[in-house]
Amino acid sequence: MVKVLQSVVSGPLEPYATGFAEELFRQGYSRSGAAQHMCFVAHLDRWLLARGVALDELAGPVLER
């Protein structure tokens, strides 16, 4: 589990969360803007975890759900 900008990421996106936030800052996002994006990442992470979807399965019919 990792907490990044007030968002907890503990599923399949956990290895990427910190690097994603760092990239947002590198691109010039404000702290609040980056935090909002991390909130979306945390939501997607929970969705993937709850449905047992691996990152390599995130395509086609899974995305339509």
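The values are calculated or read from the model by the stated rules, or taken from the named source; none is laboratory data. Bear in mind the structure is a predicted one, so any value in this text is a computation, not a measurement. Using ideal geometry, Cβ is built from the backbone for each residue, glycine included, and neighbour counts are taken over all protein chains shown. For the accessible areas, the whole protein counts, side chains as well, though only heavy atoms, and no ligand, DNA or RNA atoms are used. Shrake-Rupley method; radii C 1.70, N 1.55, O 1.52, S 1.80 Å.
Within the stretch 41-65, the residues that satisfy the criterion of being of a type in the set (Val, Ile, Thr) and either part of a helix (DSSP H, G or I) or open to solvent by 60 Å² or more (accessible area, probe 1.4 Å) (or both) are 41, 62.
Please go through the stretch 17-46 and give me each residue that is closer than 26 Å to residue 62 by Cα and of a type in the set (Phe, Trp, Tyr), ordered by number. Of everything in the stretch 17-46, those that are closer than 26 Å to residue 62 by Cα and of a type in the set (Phe, Trp, Tyr) turn out to be 20, 40. Under the condition of being farther than 23 Å from residue 52 by Cβ and of a type outside the set (Gly, Ala, Ser), which residue from the stretch 5-19 is least open to solvent (accessible area, probe 1.4 Å)? Among them, the one singled out is 5.
When restricted to residues that are in a helix (DSSP H, G or I), surrounded by 11 or more Cβ atoms within 10 Å (Cβ to Cβ) and not hydrophobic (A, V, I, L, M, F, W, C), the stretch 20-30 contains 2.
For first residues located in the stretch 28-42 and under 24 Å from residue 12 (Cα atoms), partners that are open to solvent by less than 20 Å² (accessible area, probe 1.4 Å) and not hydrophobic (A, V, I, L, M, F, W, C) and lie 6+ apart or on another chain with Cβ distances below 8 Å form the pairs 35/7; 38/7; 39/7; 41/7; 42/7.
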